[in-house]
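Values quoted throughout were computed directly from the atomic coordinates according to the rules given, and no laboratory measurement underlies them. A quick note: this is a predicted structure, and the numbers were derived from the prediction, not measured. For neighbour counting, all protein chains shown are included, and Cβ atoms are generated from backbone atoms with ideal geometry for every residue, glycine included.
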Amino acid sequence: MRKYIIMGPQGSGKGTQAKLLAQAFDLSHISMGEIFRWHLANQTKLAARIQHCMTSGRLVPDDTVEEVVRTRLDLHDWNHGFVLDGFPRTAPQARFFLESYDVDAVILLVVREEVVKKRILGRRLCEKCGEDFNIHFSPPKAEGVCDTCGGLLVAREDDTAEAIDLRLSEYRAKTEPIIEMFRNKERVIDVLAEGDSYSVHQEIIQELEREV
Ligand SMILES: [Zn+2]
């Protein structure tokens, strides 16, 4: 059983790294972003509460997040373990988690803020098929057009400079302190995550396999 939490600011590649890590060890990838989007798509009771936060760049309230995480982990579909991505984001969420569960390692993706901003502002999504591009790192062959289906490429509604600044300041104020909290209780692995996703993944695996 392997239980990991992956942390880092928005744009640090958490989702990609969580996915790669889950594939490598056959773990369940539990992404808060995906769970929230599922609630929105299915217009559940929680959807309205989540919607407001996601478009304004604010954090979803702790009680909502805790409810979602508990419900998700109670499914117990994680025989080999899990990778949590997008949780915890605040001290109360971290305390809630540590009271009920334990982890083998917290993986912290370290990326400078200017790099994060450039990555996020460069993101484009195909309107038709949902394929991701980045005008700086993985540009489409023709500007503004999807390579796969010819659809129009657009920025996500919440990828504005204002929303990014707000998310980064929420991260500094609320998430960074809990990383220090984890350092006292859990194994925290710092990984510089400014390179390509495959080499970052390799480094994570190497660090995890290192004897403590
Ligand atoms: Zn497309």
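The table that follows gives values for the structure above.
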| item | result |
| --- | --- |
| Relative contact order for the chain, counting Cα pairs under 8 Å that sit 6 or more residues apart, in percent | 29 |
| Built amide H within the under 5 Å cut-off of ASN134, gap 5+ | ARG124 |
| For the range 143-157, Karplus couplings with θ = phi - 60° (6.51, -1.76, 1.60), whole Hz, Gly/Pro x | 4, x, 10, 5, 5, 7, 10, x, x, 7, 9, 10, 7, 6, 3 |
| With Cα atoms, 0 to 90° folded angle of helix 161-170 axis to the chain main axis | 10 |
| In degrees, nearest ten, helix 197-209 long axis to first principal axis of the chain (Cα) | 10 |
| Prolate/oblate/rounded call for the range 60-113, Cα gyration tensor, a/c under 1.5 rounded | oblate |
| Globularity ratio of the chain, using Cα Rg and 2.2 N^0.38 Å | 1.02 |
| Calculated [θ] (222 nm, deg cm²/dmol) that DSSP helices of n ≥ 4 give over the chain, each run adding -39,500 (n - 2.57) | -13500 deg cm²/dmol |
| Packing-based exposure ordering (other Cβ within 10 Å, fewest first) of ARG70, ARG119 | ARG70, ARG119 |
| Amide H contacts of PHE82 (H built 1.01 Å from N, under 5 Å, at least 5 apart or other chain) | ARG2, LYS3, TYR4, SER28 |
| Proximal charge balance of ASN42 [Cβ under 15 Å; K/R count +1, D/E count -1] | +3 |
| Cα-based helix-to-principal-axis angle, 47-56 vs the chain, degrees rounded to 10 | 70 |
| Sequence-distant residues sharing a close amide H with VAL188 (under 5 Å, placed H) | VAL106 |
| Point-charge dipole on Cβ atoms (K/R +1, D/E -1) for the range 35-133, about Cα centre, debye to 20 | 600 |
| For the chain, share of DSSP beta bridges that run antiparallel, in % to the nearest 5 | 30 |
